[in-house]
Amino acid sequence: MLTKDQVDRLREPIRFAAELAGCTLSIETTWGLFSPREIDEGTRLLLAHLDVAPAADCLDLGCGYGAIGLALAALAPQGQTLMVDKDFVAVDCAERNARRNRLDNARALLSNGFDQIPLERRFDLIASNIPAKVGKELLSILLHDARDRLRPGGRLYVVTISGLREFMKRNLKEVFGNYDKLKQGAHYTVGMAERAP
């Protein structure tokens with residue numbers, strides 16, 4: 001068993017610096033969130049294959065503590081980046097990380113998928129590190145909502161464990177009518193679909 005002092009130390013925020021989108025960002029997170037001690041391999045692979053215009057309006061879907069959203073906000077300083085997650089602890093961390101890094105074009109919102117995002121809000125780019133156990137029902141909702149919320153020509157970028165790459169390819173082709181595998185790594189695959197102009 002851990003001592004009370006050891007447990008108290010575990011309650012303290014976890015802080016680290018991460019090289020994302022060509023700049024060093026300060027990250028604060030906590031136990032209970034995905035990959036709390038470092039940026040995970042899938043997120044790094046996704047970020048290495050994004051094509052982000054400087055004025056793009058972006059969405060980090062399932063943001064966790066905000067790694068993808070922070071990078072999007074840094075890459076698109078003239079656009080607005082929204083980070084959403086259904087976990088209030090994640091949203092709180094993402095919002096604090098945006099402020100900590102002076103990314104005034106980023107904000108975080110508590111939302112289960114798109115359900116709290118205003119209906120009129122549209123995006124040029126949506127990026128997500130989709131959990132392996134998201135389930136086909138929720139995945140269907142997320143992909144259809146993503147297509148509907150993208151502007152014509154907008155792109156959805158996803159990273160999944162490589163074991164789900166064919167499943168993701170099928171679903172993206174079904175919803176978007178297209179799919180492009182950008183990179184297949186040892187453990188993760190990055191895919192992209194575009195909403196027709």
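Distance between the modelled labels on Ser35 and Thr3, one decimal in nanometres: 3.4 nm (7 Å Cα→Cβ projection). Couplings for the range 67-83, taken from phi via the Karplus curve 6.51 cos²θ - 1.76 cosθ + 1.60 with θ = phi - 60°, read 3, 5, x, 4, 5, 4, 4, 5, 6, 10, x, 8, x, 10, 10, 10, 10 Hz in order; Gly and Pro are left as x. Taken over the C-alpha atoms, the chain has Rg and Dmax values of 16.5, 59 angstrom. Helical runs (DSSP H, four residues minimum) scored at -39500 (n - 2.57) apiece and divided by the length of the chain put the mean residue ellipticity at 222 nm at -9500 deg cm²/dmol. For Ala106, nonlocal amide neighbours, meaning residues 5 or more places apart or on other chains whose placed amide H falls under 5 Å from its own, are Thr81.
Just give me a number: lysine pairs in the range 41-194, eight or more positions apart or cross-chain, with C-alpha atoms less than 18 Å apart. Total qualifying Lys-Lys pairs in the range 41-194 comes to 9. Given +1 at the Cβ of Lys and Arg, -1 at the Cβ of Asp and Glu and no other charges, the dipole of the chain around its Cα centre is 220 debye to the nearest 20. In order along the range 161-174, the Karplus-derived 3J(HN,Hα) couplings, from 6.51 cos²θ - 1.76 cosθ + 1.60 at θ = phi - 60°, round to 4, 4, x, 9, 5, 5, 4, 5, 4, 4, 5, 5, 5, 5 Hz, and Gly and Pro are given as x. So, in Å, what gap is there between the alpha-carbon centers of the range 172-197 and the range 1-52? Using only Cα atoms, the two centres lie 26 Å from each other.
3J(HN,Hα) couplings calculated from phi for the range 85-91 with the Karplus curve 6.51 cos²θ - 1.76 cosθ + 1.60 (θ = phi - 60°) are, in sequence order, 7, 8, 9, 5, 5, 4, 4 Hz; Gly and Pro show x.
Maximal additional length on extending the Arg122-Asp104 stretch stands at 4.6 nm, based on 0.36 nm per residue less the C-alpha distance.
Bear in mind that the values in this text are calculations on the coordinates, not laboratory data. Just so it is clear, the structure is predicted and the values come from calculations on it, not from any experiment. In this analysis, Cβ positions are derived from the backbone assuming ideal geometry, glycine residues included, and neighbour counts consider all displayed protein chains.
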